[in-house]
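The values are calculated or read from the model by the stated rules, or taken from the named source; none is laboratory data. The structure presented is a predicted model; accordingly, all values stated were derived computationally and were not measured. As a convention, Cβ positions derive from the backbone with ideal geometry for all residues, glycine included, and neighbour counts pool all protein chains shown.
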Amino acid sequence: MKSIHLKWLEYLTGFIFIISMVAIATWLDDVEIILPEIAALTAGLWLYHEPNWVANPSKIFIIPSTTAIVGFGINLLPWTYPEKILLLLGLMVGFLSVMRSTLAPAFATGLLPIIVNARHYSFIIAILVFTLILMLAVQFRQLATRTADPLPINYRAMLVFLGLAVIWVGLVTLAGKPQMAAIPPVFVVFFEVLQKPMYSGKMAVKQVIALTGAATIGVITYSLIDSRLLVTLIALPLVALLLWLLRVKIPAAYAFPLLAIILPTTMFHTLPLTSLLATSYFFGGAYLYHRLVRPYFQPTKASIHS
């Protein structure tokens, strides 16, 4: 009974934290303070206690903050949108390799300033403040000592991630839809499943449904209710219900309602379809990698670190 009460308390405090971020942004009339991946990080850290995320609390602050600053700087370059996305992804894979981390939400914090064309330093300040709070909460609750050991890092999978991402960006650019190049929650989950020791087709289908469903919830809710705060209050519990029905734990799904309320109009209306296509491509690729490619490679000292 005590554990059930604790879990409900974790959900309640997590939702309050996310809603507070949106409320502050509404009060200050600054949409750049709304950070979708803070919702994903909150779910992964406070609700699910993801071992790979809580293992090194200091990295919860350092890595997403660094990638956000890098993404903010890249967005100021006079380059095309696909070029910025590819540069960011390449730097991210290298940075995570150097940091020996699989903190996948860092991809989203790096991509976000490019996607929403962030230009104000309030974006950086918000990232620093909210990731610092999350880090301190993990340290205070000593979550790192109460979870399973994190999975070893698979550096070969990082190259697979980068290769399939480059192909995707190239395909959507050639199709004249460069705005489809990057959907942060999809990249986050794709990076995570490549790192796992196994990945079933059933799980791939569930994740496609979950992320596409979360995107649809965000778009429909915001289409009906012209209030970012009310959309957050309504959509987050709906996403939680969807994940419960599917029996999956996907922290990145909680980012979709917040992503929907800050996307440019050109990306907003096509978000569900884009999510369906992107998840089908990436999770299908991840399934094929686990089924056909990974079994032929044995772990080596150079590719696995604890």
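Among residues of the range 222-241 that are within 12 Å of ALA260 (Cα to Cα) and without any contact (Cβ under 8 Å) to a residue 40 or more places away in the chain, those with a beta-carbon under 7 Å from a residue that is of a type in the set (Phe, Trp, Tyr) and assigned to a helix (DSSP H, G or I) at least six positions away or on a different chain give the pairs VAL231/TYR222. As a summary of the residue check, ASN52 satisfies the conditions (1) modelled with pLDDT of 90 or more; (2) under 18 Å from the mean Cα position of the chain (by Cα) except for the one numbered (1). May I ask you to say which residue of ILE60, ILE69 is farther than 20 Å from PRO178 by Cβ, over 15 Å from the mean Cα position of the chain (by Cα) and part of a helix (DSSP H, G or I)? Answer to the check: ILE69. A Cβ distance below 8 Å, combined with a sequence gap of six or more or placement on separate chains, defines the contacts here; from the range 56-72, residues that are of a type in the set (D, E, K, R) reach residues that are surrounded by fewer than 20 Cβ atoms within 10 Å (Cβ to Cβ) and part of a helix (DSSP H, G or I) in the pairs LYS59/MET99.
Yes/no per residue for (1) within 25 Å of VAL31 (Cβ to Cβ); (2) touching a strand residue (DSSP E or B) at 6+ places or on another chain (Cβ under 9 Å); (3) in contact (Cβ under 8 Å) with a residue 12 or more places away in the chain; (4) crowded, with 17+ Cβ neighbours inside 10 Å:
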| site | (1), (2), (3), (4) |
| --- | --- |
| ILE74 | yes, no, yes, yes |
| PRO78 | yes, no, no, no |
| ARG100 | no, no, yes, no |
| ILE115 | yes, no, yes, yes |
| TYR121 | yes, no, no, no |
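Confirm whether ILE74 is under 23 Å from THR265 (Cα atoms), modelled with pLDDT of 95 or more and over 18 Å from the mean Cα position of the chain (by Cα). Yes, satisfied.
Against the numbered list (1) assigned to a helix (DSSP H, G or I); (2) more than 18 Å from the chain's Cα centre (by Cα); (3) closer than 19 Å to GLU37 by Cβ, PHE140 comes up short only at (3). Contact map, the range 207-219: residues that are closer than 19 Å to PHE282 by Cα paired with residues that are of a type in the set (A, V, I, L, M) and outside any helix (DSSP H, G or I), Cβ distance under 6 Å, separation 6+ or inter-chain. Pairs shown: ALA210/VAL248; ALA210/ILE250. Sort out which residues of the range 193-220 are in a helix (DSSP H, G or I), of a type outside the set (A, V, I, L, M, F, W, C) and surrounded by fewer than 24 Cβ atoms within 10 Å (Cβ to Cβ), and write them in order of number. Those that are in a helix (DSSP H, G or I), of a type outside the set (A, V, I, L, M, F, W, C) and surrounded by fewer than 24 Cβ atoms within 10 Å (Cβ to Cβ): GLN195, GLY201, LYS202, LYS206, THR212, GLY213, THR216.
For the range 169-192, the set of residues classified as buried (at least 18 other Cβ atoms within 10 Å of the Cβ), among the hydrophobic types (A, V, I, L, M, F, W, C) and farther than 17 Å from LEU288 by Cβ consists of VAL169, VAL172, MET180, ALA181, ALA182, ILE183, PHE187, VAL188, listed by residue number.
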